[in-house]
Structure formats: structure tokens, C-alpha cells
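**Student:** A single structure is presented below for examination.
The values are calculated or read from the model by the stated rules, or taken from the named source; none is laboratory data. The structure displayed is predicted, hence computed values, not measured ones. With ideal geometry, Cβ positions are generated from the backbone for all residues, glycine too; neighbour counts draw on all protein chains shown. All accessible areas refer to the heavy atoms of the entire protein, side chains included, with ligands and DNA or RNA removed. Shrake-Rupley method; radii C 1.70, N 1.55, O 1.52, S 1.80 Å.
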Amino acid sequence: MLKNKLIAAIVVSLCIVGSRASASPSVKRIYGENRYETAAKICQEGWKERSDYAVVVCGENFPDAVCSAPLAKKFNAPILLTNKGTLNMYTSVELKRLNVKNAFIIGGKGVISQNVEDGIKTMGIKTTRLGGQTRYDTALQIAKKLGRSKQAVVVNGSGFEDAVSMAPIAANKSIPIIMVEKNTIKSDVGKYLNSFKKSEQVYVIGGENIISKKVFNSIPNGKRIGYGDKYQRNIEIINSFRNELNINNLYLASGRAYADALAGSTLAAKNQGFILLGDTPLPTPTNRFLSSEVINNVTILGGPTMVSYDLENVAKYLPQDIVYVPDIYNVINQNDPYSPPRSLIVNTTGGNKKEALVEWNLKKVDTSKPGMFTYYGTVKGYYRSVILRLVVTPIPVKIGDIYKEAPSRSSFVLPEKVLATMSDGTTSDLPVIWDYSSEKQKENGIYEFYGRVDKYKKKVKLTLAIRDNNGSGSNNQFDDIVIEIVQGETYKLPKTVLDKITNKNMKVTWNTKSIDTSKTGIVKLEGTVLGSYNKAYLTLIVLPKIEDIPEIRETVLQGTHYTLPKRVEAKTSDGKSIMVDVEWENPFVDLGTPQTYYIKGKVKHYNKPVLLVLKVVAKY
């Protein structure tokens with residue numbers, strides 16, 4: 001009666017799951033008459049020709065065996081099982097078939113006897129035994145054989161479940177699995193773990209009922225993963241590392257015994273897969289996982305006495321059909337690194353959203369050039385290509401020095417944006433952050449500011465000229481004189497200044513006889529006025545001589561908004577590029593019709609017109 005109820009419950013579960021998908025994943029079973037033959041069959045699946053290395057573990061007890069997967073992965077070796085006292089015949093056959101040259105024997109002679117070791121040696125195979133007096137010592141020896149690692153896994157040595165759950169993950173990450181007791185750590189194990197003080201992470205598997213708070217606190221850089229019973233911990237381990245796994249490759253093994261899961265762990269690692277522990281009746285965490293994941297390939301490890309046919313049937317009816325995969329639109333800056341996503345969130349049968357792997361038609365994205373690029377990817381089980389549109393935005397390549405003039409420092413507001421020439425030849429106003437710490441006032445009344453623009457390697461320079469040096473020379477008798485000339489022009493100092501009180505010109509003597517106008521900059525002069533106690537002040541601004549303003553070409557889309565640039569780049573006589581203000585003859589442009597506009601503008605101290613060629617292209 002109980003068995004009938006159990007079967008009925010599983011059938012109901014199958015109906016519920018099966019109703020959500022019209023396709024089934026690929027399901028195969030690897031097994032033999034016993035665990036030894038199962039390990040041999042797993043070996044045949046993953047190592048079809050030869051292998052220089054093999055890892056031999058005891059098939060009668062788990063403690064020394066379950067930490068060996070990372071070692072096997074390092075040497076691309078299968079894990080084979082043997083009896084304690086005699087070399088198992090299935091293992092012997094596999095060692096010969098693979099033409100193994102080196103075998104690691106895991107465990108001391110009390111775990112795998114000298115007789116077994118001698119049997120392996122008679123095949124001409126070199127043996128290396130890794131085994132201590134306890135399971136903790138053996139795990140430590142395996143870890144040391146792996147070499148230095150930036151990460152590690154710590155599990156409770158009294159059970160196998162956490163170790164085999166982590167086995168393929170640790171194998172692919174090339175990190176050791178270390179055993180501790182719930183409440184204590186052996187001194188040599190503790191010393192080894194202390195070497196991870198500067199490491200990236202030590203993953204501690206299980207809650208405080210598995211590894212106590214005291215032990216956890218003594219582990220450097222510890223991070224707990226997995227709570228609840230062994231099946232819940234198994235699922236949480238998978239989810240914690242799912243970005244490093246191929247969720248499509250599931251290896252289903254019994255949660256009641258270690259042998260099949262351990263032997264299959266290196267096969268799973270070969271395919272970026274994971275070990276899922278199951279039982280009959282199906283544990284709730286496992287059932288929830290199976291009924292919610294899109295998985296294409298299921299490999300069952302072990303015969304029906306370990307993984308029942310009922311559980312196999314559940315695996316055959318996993319949700320499978322992908323009904324919609326959204327396209328991707330990403331925007332990055334030129335030269336920024338970019339890698340297409342390895343997985344996407346897809347819509348599956350039944351309206352669920354799941355994660356699925358995607359394969360792209362490229363290995364590397366070149367972001368050295370701006371523009372929009374389109375790539376195509378495939379998701380297994382989906383009928384069309386996934387489109388990735390990547391917009392690579394141009395970066396600033398040139399920002400000219402800026403010259404400004406103001407009556408006082410307090411009256412001048414630093415601009416929030418500066419005009420930049422972009423890598424695609426266009427111009428753009430970009431935000432600038434000014435470094436106020438670089439502000440300094442010179443005797444001639446010049447301020448210098450330096451700013452930073454995102455993605456621009458150099459600093460932006462702004463030179464500010466203050467006419468009256470913050471008002472220190474102002475008076476009510478004479479107006480301050482401000483004159484602008486172009487570099488190289490001759491300039492004669494005025495011989496008189498206007499007295500605002502009498503409205504008469506008064507003779508003035510300046511504190512210099514001549515001015516060198518061959519260099520750009522600002523010259524401030526003080527003059528003595530005949531018959532007055534007040535001083536006269538003159539500010540001469542020598543501007544760079546503009547020799548050329550290149551023709552500006554812009555392309556815009558029909559119907560879009562476009563603003564004529566307020567500043568343009570000019571070439572000066574000293575070989576520099578500066579940004580100058582421009583006034584356009586017609587600042588308004590109709591972008592409703594595709595055509596080419598030729599717009600003229602004027603720049604102060606430049607006797608030629610500035611030309612902007614604006615091409616309006618059709619939207620469709």
C-alpha cells in the first residue's frame with residue numbers, strides 16, 4: 001500500500017512538471033553491477049583512449065576518498081574504486097586499458113592495503129600514496145599536492161555529502177577540500193588554513209550545526225555556504241557557483257552513498273557540470289530545483305538501486321522549451337573591455353523565467369572603434385538567433401585650451417561643459433569637473449584652472465583674466481582701460497586718460513615704455529596721472545592669432561534635435577588649438593527634410609567666415 005502511494009505521488013509530480021513542457025532533456029544512465037563497475041563505466045565515458053594518471057580510492061568507506069576530485073582534475077585523471085585488501089578487477093582492467101603510467105593511491109595502508117599497491121606496481125605503474133593517520137591528514141596531503149591556491153573549501157569530515165557536492169566545483173577551480181570536525185580543528189590543519197589569511201576566500205560548507213561558530217571564526221576569510229539538510233545544502237552550493245557552471249549538464253547521484261557521486265565528479269568537472277544529490281521519495285529542495293530549471297543533459301550516476309527509475313522519469317520531464325529570449329542592447333565607451341554575457345534570462349514553457357547559456361558568433365569584441373555593432377548568439381532549444389546590439393560611443397580626443405576674461409573672480413562661473421572633438425570626428429559638449437586646488441593667482445591677474453573630462457587623458461586648461469585684479473585698483477575718477485589685440489600687432493600706450501569728474505583728458509605716465517605683444521597673455525599696467533592722486537589702470541589682452549578654422553562637418557538624422565555649436569576649434573599662430581566663440585548667421589535649421597546645409601559663422605579677430613556643413617540624412 002505504501003509503495004503504491006509513493007508511485008502515485010511521483011506520477012502526480014510527473015504530470016505537473018510534464019504539463020509545462022513539450023520537449024524532454026537528454027537523459028542517460030551510467031552504471032554497472034556494483035560501484036566498482038560503475039566507476040569503471042564512468043571512466044570509459046570520460047577517458048575513451050588513454051590517461052597517464054589515475055586516482056585510486058577505497059570503495060568501502062568515504063573519508064579518505066572524497067577530497068580527491070581536485071587532484072584528479074589537475075592531472076586529468078579518472079577516479080577508480082578498489083577493495084581494501086585486493087585490487088578490484090574492474091579497476092585493474094581500466095588501468096590497463098588506459099595505459100596508466102602513474103597512480104595516486106588515496107589513504108594509508110589501513111585504508112588501501114600494501115597488497116593493492118603491489119598489484120598496481122606489477123603493471124609497471126608508478127604509485128604515489130597520499131595518506132595520513134586520519135581522514136584529516138589525508139585531505140591535507142592531497143591539498144599540499146595540489147600546490148598553492150588562493151581559495152579553499154572546508155567541509156565537515158564526518159559526512160560525504162558536502163564534499164561530493166563541492167567536488168566538481170573545487171576541481172574546476174583547482175582548490176583543495178579540507179576536512180575539519182564540527183567543534184575542533186586539528187593543529188596541522190589549522191596551521192594550513194592560517195596560510196589563507198591573504199587569500200581571496202575560504203568556503204565553509206554548512207551552518208553552525210555542521211561547522212560550529214568557534215571553528216568558523218578561526219578560519220581566515222571564511223564564507224559560509226549552504227544551510228539546512230544535505231539536499232538543501234547541495235542546492236545552495238549549486239546556486240552559489242552557478243555562474244561558473246554549465247547548468248545544462250546535470251549529474252544525478254544518490255544522496256545515500258558517496259561512491260558514484262565521487263567517481264562522477266571528475267566527469268562532471270570535465271563538462272563544467274554539477275552533482276545533484278537525489279533520493280526516493282524526492283527531497284523537497286531537489287524537487288523544487290528539478291521542476292524550475294531548464295536543463296538539456298542529465299547523466300544519472302549509478303544503477304536503479306541507487307537512483308530509482310521513478311527519479312529517472314522525473315528527470316525526463318524537466319521543463320525544457322524556451323519560448324522567448326529577449327535581444328540585448330548595451331552601450332559602452334570606446335576602448336572599454338566588453339564580454340558578451342555567458343547566460344541570459346529566458347522565458348520558458350509555463351511562463352517561468354530561467355537562466356540559459358548562450359553561444360556567440362565571436363570570441364572577442366573589438367571596442368577600439370566607435371559605432372553600432374551587431375552580434376548573433378544561439379541558445380540551445382530556441383528557434384531563432386539572439387541579437388546583441390552593442391553601441392560603442394566615441395571618446396574625446398582633443399579639447400583646446402580656453403581663454404576667458406571677467407571684471408572680478410567672484411563674478412566668473414566656471415563652465416559646466418567644454419567642447420571636445422570626439423574620436424569619430426564629431427564635436428560634443430562634455431561635462432567637466434574642475435580641480436579647484438590647482439587655482440592660483442599671479443601678480444598679473446591671471447587665474448589658471450585645470451579640469452577633468454571623463455575618458456580624456458589630458459587635463460583641460462582654462463585661463464581667466466581679471467581686469468581690475470578683484471577691484472583693488474578701481475576708482476571713481478578714471479575708467480579702467482581694457483584693450484584686446486591679436487598676437488604680433490603693434491600697440492601704443494595712450495598718452496591721456498579721461499577724467500570722469502571734469503570730462504577732460506589728463507596726461508598719464510605708465511609704468512612701462514613699451515609692451516611686447518609677440519606673446520599671448522594679459523598685461524596689467526598702472527599709470528600716474530598728472531594732477532591727480534588716483535592711479536589709472538590698463539589691461540591689455542594679447543590673444544593668440546587665429547590662422548585657420550577648419551571646416552566643420554556634421555551628420556544628423558532627419559527629424560532629430562540639433563544645436564549649433566557655440567564654440568569651434570581654431571588653429572593659432574603658436575601651433576596650438578583653442579576653442580573660440582562663434583556667432584552663426586542663421587542659428588535655426590529645419591531638420592525635417594534630408595539635404596545638406598552650408599552655414600556661415602563669424603569669430604572675433606578672424607577675418608574669414610567659419611563654415612559648417614550639416615548633412616541631414618533620411619530616417620528610414
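**Student:** Residue under question is residue 183, and the condition is that it be assigned to a loop (DSSP other than H, G, I, E, B) and touching a residue at least 24 places away in the same chain (Cβ under 8 Å); does it hold?
**Tutor:** Answer is yes for this residue.
**Student:** Here's something else I'd like to know. Where the second residue is among the hydroxyl-bearing types (Ser, Thr, Tyr) and open to solvent by less than 20 Å² (accessible area, probe 1.4 Å) and the first is in contact (Cβ under 8 Å) with a residue 40 or more places away in the chain and lies in the range 120-134, which pairs have Cβ atoms under 6 Å and are six or more apart or on separate chains?
**Tutor:** Filtered contacts from the range 120-134: 131/138.
**Student:** Criterion first (among the hydrophobic types (A, V, I, L, M, F, W, C) and modelled with pLDDT of 85 or more) does residue 589 satisfy it?
**Tutor:** Here the answer is no, as residue 589 does not meet what is asked.
**Student:** State which residue is farthest from residue 537 (Cα to Cα) when the search covers only the range 440-455 and only residues that are surrounded by 12 or more Cβ atoms within 10 Å (Cβ to Cβ) and at pLDDT 85 or above.
**Tutor:** Only one residue fits best here, namely 455.
**Student:** Determine, yes or no, whether residue 112 is of a type in the set (A, V, I, L, M), touching a helix residue (DSSP H, G or I) at 6+ places or on another chain (Cβ under 8 Å) and touching a residue at least 24 places away in the same chain (Cβ under 8 Å).
**Tutor:** Spelling it out, it is not the case that residue 112 is of a type in the set (A, V, I, L, M), touching a helix residue (DSSP H, G or I) at 6+ places or on another chain (Cβ under 8 Å) and touching a residue at least 24 places away in the same chain (Cβ under 8 Å).
**Student:** So, one more: Among the helices (runs of 4 or more DSSP H) lying completely within the range 42-138, list those that include at least 2 residues that are of a type in the set (A, V, I, L, M), in contact with a Ser or Thr (Cβ under 6 Å, 6 or more places away or on another chain) and under 26 Å from residue 152 (Cβ atoms).
**Tutor:** 69-74
**Student:** Does residue 290 fit the bill of being more than 27 Å from the chain's Cα centre (by Cα) and modelled with pLDDT of 85 or more?
**Tutor:** Considered against the rule, which asks whether it is more than 27 Å from the chain's Cα centre (by Cα) and modelled with pLDDT of 85 or more, residue 290 comes out as no.
**Student:** What tally of residues in the range 173-197 results from selecting those that are closer than 18 Å to residue 70 by Cα and surrounded by fewer than 19 Cβ atoms within 10 Å (Cβ to Cβ)?
**Tutor:** So the answer is 2.
**Student:** Also, I was wondering about something else. Somewhere in the range 146-161, is a residue open to solvent by 10 Å² or more (accessible area, probe 1.4 Å) and over 28 Å from residue 214 (Cα atoms)?
**Tutor:** Taking every residue of the range 146-161 in turn, none turns out to be open to solvent by 10 Å² or more (accessible area, probe 1.4 Å) and over 28 Å from residue 214 (Cα atoms).
**Student:** Further, regarding this structure: When you check residue 275 against the structure, is it in contact with a Pro (Cβ under 8 Å, 6 or more places away or on another chain), at pLDDT 85 or above and among the aliphatic types (A, V, I, L, M), yes or no?
**Tutor:** Judged against the criteria, residue 275 is a match.
**Student:** Looking at the range 387-439, which of its residues are crowded, with 18+ Cβ neighbours inside 10 Å, part of a loop (DSSP other than H, G, I, E, B) and of a type in the set (A, V, I, L, M, F, W, C)?
**Tutor:** 395, 399, 432
**Student:** Does residue 322 qualify as being farther than 30 Å from residue 44 by Cα, modelled with pLDDT of 90 or more and not polar (S, T, N, Q)?
**Tutor:** Judged against the criteria, residue 322 is not a match.
**Student:** Among the residues of the range 280-308, which ones are crowded, with 20+ Cβ neighbours inside 10 Å and under 23 Å from residue 343 (Cα atoms)?
**Tutor:** 286, 289, 290, 293, 294, 295, 298, 299
**Student:** Under 7 Å between Cβ atoms, which residue pairs at least 6 apart in sequence (or on different chains) link something in the range 284-311 that is under 13 Å from residue 235 (Cα atoms) with a partner that is open to solvent by less than 10 Å² (accessible area, probe 1.4 Å) and among the acidic types (Asp, Glu)?
**Tutor:** none
**Student:** For residue 562, only one of the following conditions fails: (1) in contact (Cβ under 8 Å) with a residue 24 or more places away in the chain; (2) closer than 30 Å to residue 448 by Cα; (3) under 49 Å from the mean Cα position of the chain (by Cα). What is its number?
**Tutor:** Just one mismatch for residue 562, condition (2).
**Student:** Here's something else I'd like to know. Do any residues in the range 79-91 that are within 18 Å of residue 267 (Cα to Cα) have Cβ atoms under 7 Å from those of residues that are among the hydroxyl-bearing types (Ser, Thr, Tyr) and part of a strand (DSSP E or B), where the two are at least six apart or on different chains, and which pairs are they?
**Tutor:** Cβ pairs passing all conditions: 91/82.
**Student:** Let me ask something else about it. Residue 126 is checked against (1) of a type in the set (Lys, Arg); (2) touching a strand residue (DSSP E or B) at 6+ places or on another chain (Cβ under 8 Å); (3) within 26 Å of residue 202 (Cα to Cα) and fails just one. What number does that condition carry?
**Tutor:** (3)
**Student:** For residues in the range 221-236 being more than 26 Å from the chain's Cα centre (by Cα) and not hydroxyl-bearing (Ser, Thr, Tyr), which is surrounded by the most Cβ atoms within 10 Å (Cβ to Cβ)?
**Tutor:** Per the stated criteria, the residue is 234.
**Student:** Which residues, taken from the range 567-585, are within 20 Å of residue 465 (Cβ to Cβ), modelled with pLDDT of 85 or more and open to solvent by 40 Å² or more (accessible area, probe 1.4 Å)?
**Tutor:** Within the range 567-585, 567, 581 qualify.
**Student:** Please find, among 603, 589, 616, the residue that is under 27 Å from residue 416 (Cα atoms) and within 44 Å of the chain's Cα centre (by Cα).
**Tutor:** 589
**Student:** Then there's this: Could you tell me how many of the residues in the range 82-94 are under 15 Å from residue 127 (Cα atoms) and out of contact with any strand residue (DSSP E or B) (no Cβ under 6 Å at 6 or more places or on another chain)?
**Tutor:** 2
**Student:** Also: Of everything in the range 536-560, what is out of contact with any Lys or Arg (no Cβ under 8 Å at 6 or more places or on another chain) and open to solvent by 70 Å² or more (accessible area, probe 1.4 Å)? Give them in sequence order.
**Tutor:** Listed by number, the residues that qualify are 545, 551.
**Student:** Looking only at residues in the range 586-603 that are among the β-branched types (Val, Ile, Thr) and closer than 19 Å to residue 426 by Cβ, which one is surrounded by the most Cβ atoms within 10 Å (Cβ to Cβ)?
**Tutor:** Among those residues, the one meeting the criterion is 599.
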